[in-house]
Amino acid sequence: MIISIASGKGGTGKTTIATNLALSINNDVQFLDCDVEEPDAHIFLNPRIKKTLTASIPVPKIDESKCNFCGRCAEVCAYNALAVLKDKVLSFPHLCHGCGGCSLLCPQKAITEVNKDIGVVEIGNSNNLQFVQGILNIGETMSPPLIKAVKNYINPTRIVIIDAPPGTSCPVIEAIKGSDFCILVTEPTPFGLNDLILAVRVLRKLNISFGVVINRSDIGDNKLEDYCEKEDIPVLMRIPFKKEIAVAYSKGIPIVERFPEYKDEFVSLFKRIKERKE
Ligand code: SF4
Ligand code: SF4
């Protein structure tokens with residue numbers, strides 16, 4: 001079973017929910033940190049990294065001695081990563097998605113592909129928990145291929161927990177697609193509600209079952225709960241604001257370690273998800 005944890009915006013406690021859920025159902029869990037621009041689950045899970053692999057994408061290399069500057073490659077590139085001048089082809093590797101279209105369609109066979117490193121995939125474990133994370137190179141913008149590289153290590157024999165990036169753009173979609181269930185973490189504030197509505201649209205489009213966890217549930221107003229009720233979205237768990245939780249978080253201490261009574265709550269969250277899938 002693959003459970004992804006996402007949120008329409010950052011700072012809602014997505015990684016808190018993902019790591020505490022993983023620690024509460026410790027047996028047979030594999031944790032994937034797909035928030036590759038800012039992976040921080042390792043702070044709470046303390047994995048021992050055993051393997052580090054470079055992730056790369058193929059980008060075009062032009063042989064201008066074969067090129068007749070026909071412009072076909074620039075036409076087919078949907079990401080404006082190529083521009084053809086009268087006697088020169090300019091390539092912008094930071095815009096390239098590595099789709100291979102230009103090299104496939106170049107009539108002169110003037111394009112070969114070279115690998116461009118975009119980050120690393122780290123693999124390790126924390127006691128029984130299998131751990132995989134992606135770390136995007138500083139200045140690199142192409143996170144979906146790295147997320148894909150992390151997801152290549154999904155172990156289908158385990159309960160897979162994916163910590164997705166925040167937001168609703170391509171990296172999130174890459175991280176959550178293929179999930180059996182997605183937990184949307186939010187908070188009862190106008191920003192929380194606004195970004196939840198956007199995330200709900202994405203999940204409905206992708207046809208992925210989902211439910212909501214409300215963090216800091218006793219702040220703000222009732223509009224979030226009203227929205228979930230009106231839209232028939234299950235609220236799977238509520239975590240009230242507690243200064244001690246925030247202090248523990250700032251020190252990298254998981255909630256279930258600081259407040260062991262929360263473990264049952266996270267186990268119940270997992271059971272509710274399983275029931276909904278069944
Ligand atoms: S498609 Fe090939 S031949 Fe045409 S401009 Fe691009 S590299 Fe040159
Ligand atoms: S590989 Fe794809 S994205 Fe990259 S330059 Fe070629 S057509 Fe554009």
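The values are calculated or read from the model by the stated rules, or taken from the named source; none is laboratory data. Note that the coordinates shown come from a computational prediction; the quantities given were computed from them, not determined experimentally. Positions of Cβ are generated from backbone atoms using ideal geometry, with glycine treated the same way; all protein chains shown enter the neighbour counts. Accessible surface areas use protein heavy atoms only, side chains included; no ligands, DNA or RNA. Shrake-Rupley method; radii C 1.70, N 1.55, O 1.52, S 1.80 Å.
Sort out for me the strands (runs of 3 or more DSSP E) sitting completely within segment 74-168 that have 1 or more residues that are within 25 Å of the chain's Cα centre (by Cα).
Working: elements: 82-84, 89-91, 111-126, 129-136, 159-163.
Hits in segment 74-168: 111-126, 129-136, 159-163.
Among the listed residues I138, I147, which satisfies the condition of being touching a strand residue (DSSP E or B) at 6+ places or on another chain (Cβ under 8 Å) and more than 16 Å from ligand 1 (Cβ to nearest atom)?
I147
Assess whether L32 counts as being under 20 Å from S143 (Cα atoms), open to solvent by 10 Å² or more (accessible area, probe 1.4 Å) and not basic (K, R).
Numbers: under 20 Å from S143 (Cα atoms): yes; open to solvent by 10 Å² or more (accessible area, probe 1.4 Å): no; not basic (K, R): yes.
Answer is no for this residue.
Against the condition part of a helix (DSSP H, G or I), under 24 Å from the mean Cα position of the chain (by Cα), in contact (Cβ under 8 Å) with a residue 24 or more places away in the chain and over 24 Å from I147 (Cα atoms), how does V202 come out, does it pass?
no
In segment 75-88, what residues are within 10 Å of ligand 2 (Cβ to nearest atom) and on the phi < 0 side of the Ramachandran plot?
E75, V76, C77, A78, Y79, A81, L82
Out of the residues in segment 57-74 that are within 14 Å of ligand 2 (Cβ to nearest atom) and surrounded by fewer than 16 Cβ atoms within 10 Å (Cβ to Cβ), state the one that is farthest from Q130 (Cα to Cα).
In this case the residue turns out to be G71.
Can you name the residue in segment 211-247 that is acidic (D, E), assigned to a loop (DSSP other than H, G, I, E, B) and farther than 25 Å from E261 by Cα and is also farthest from the chain's Cα centre (by Cα) among such residues?
Ranking the candidates gives D221 first.
It is to be established whether one or more residues within segment 97-114 are closer than 19 Å to S143 by Cβ, surrounded by 16 or more Cβ atoms within 10 Å (Cβ to Cβ) and either touching a Leu at 6+ places or on another chain (Cβ under 9 Å) or modelled with pLDDT of 95 or more (or both).
Within segment 97-114 (the criterion being closer than 19 Å to S143 by Cβ, surrounded by 16 or more Cβ atoms within 10 Å (Cβ to Cβ) and either touching a Leu at 6+ places or on another chain (Cβ under 9 Å) or modelled with pLDDT of 95 or more (or both)), the answer is no, since none of the residues qualifies.
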